[in-house]
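Right, one structure below, let's go through it.
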Amino acid sequence: MKILTVLLLAFFMNAFSHDEGHGPKLKDVGKKGGRVTSVVLSKDAGKGAAAELVYKGEIIRSKDGKIKIYFYDKDMSPLKLEKFAKAAKATLISGKAGKATEKVFDLAFVTDHFEGMIPLPIPRRYNIDVRVSEGDKELLAAFDNLD
């Protein structure tokens, strides 16, 4: 019975480990037709919905796997990105909880956003975590349940 309890507990913890997202849930509509998510400090990612909202991020995806990431303030006004690093890292996360695979890829700064290519093959359902520095802060935008 103890083994069954431990297995069930582990299953439920893993099943929801990434689905809650990082930061408050948002209801904003993307300015460019994409999906909007909270941007939080990377160090606060483990706080889930309780993490403090720093900015908002929007992801735009094309059928060929190209993505663009835009950043906004809390009122959805575009940010000037001069204090941001000129490159960012993204992680493609796919698969079921406990057996997820991760592929890291680069995003380049282009005028007012970051862009890059999702590694192929693109899974049916996936998450993309974007990490970028702004001065001495590392920011995280987690785009979950993409297809």
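The values are calculated or read from the model by the stated rules, or taken from the named source; none is laboratory data. The structure displayed is predicted, hence computed values, not measured ones. Virtual Cβ from ideal backbone geometry, glycine too; neighbours counted across all protein chains shown. Side chains included, ligands, DNA and RNA excluded: accessible areas come from the protein's heavy atoms. Shrake-Rupley method; radii C 1.70, N 1.55, O 1.52, S 1.80 Å.
Here is a yes/no grid of residues against (1) open to solvent by 50 Å² or more (accessible area, probe 1.4 Å); (2) in contact with a strand residue (DSSP E or B) (Cβ under 9 Å, 6 or more places away or on another chain):
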{"residue": "104", "(1), (2)": "yes, yes"}
{"residue": "114", "(1), (2)": "no, yes"}
{"residue": "120", "(1), (2)": "yes, no"}
{"residue": "129", "(1), (2)": "no, yes"}
{"residue": "134", "(1), (2)": "no, yes"}
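Of 74, 47, 89, all but one fail to be touching a strand residue (DSSP E or B) at 6+ places or on another chain (Cβ under 9 Å), in a helix (DSSP H, G or I) and open to solvent by 20 Å² or more (accessible area, probe 1.4 Å); the exception is 47. Considered as a group, the residues in region 50-67 that are surrounded by fewer than 17 Cβ atoms within 10 Å (Cβ to Cβ) and acidic (Asp, Glu) include one that is modelled with the highest pLDDT, and that residue is 52.
Of the set (1) closer than 18 Å to residue 58 by Cα; (2) in contact with a Ser or Thr (Cβ under 7 Å, 6 or more places away or on another chain); (3) outside any strand (DSSP E or B), all apply to residue 81 but (2).
Yes/no matrix, rows are residues, columns are (1) farther than 20 Å from residue 134 by Cα; (2) modelled with pLDDT of 80 or more; (3) open to solvent by 70 Å² or more (accessible area, probe 1.4 Å):
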residue	(1), (2), (3)
3	yes, no, yes
7	yes, no, yes
69	no, yes, no
82	no, yes, yes
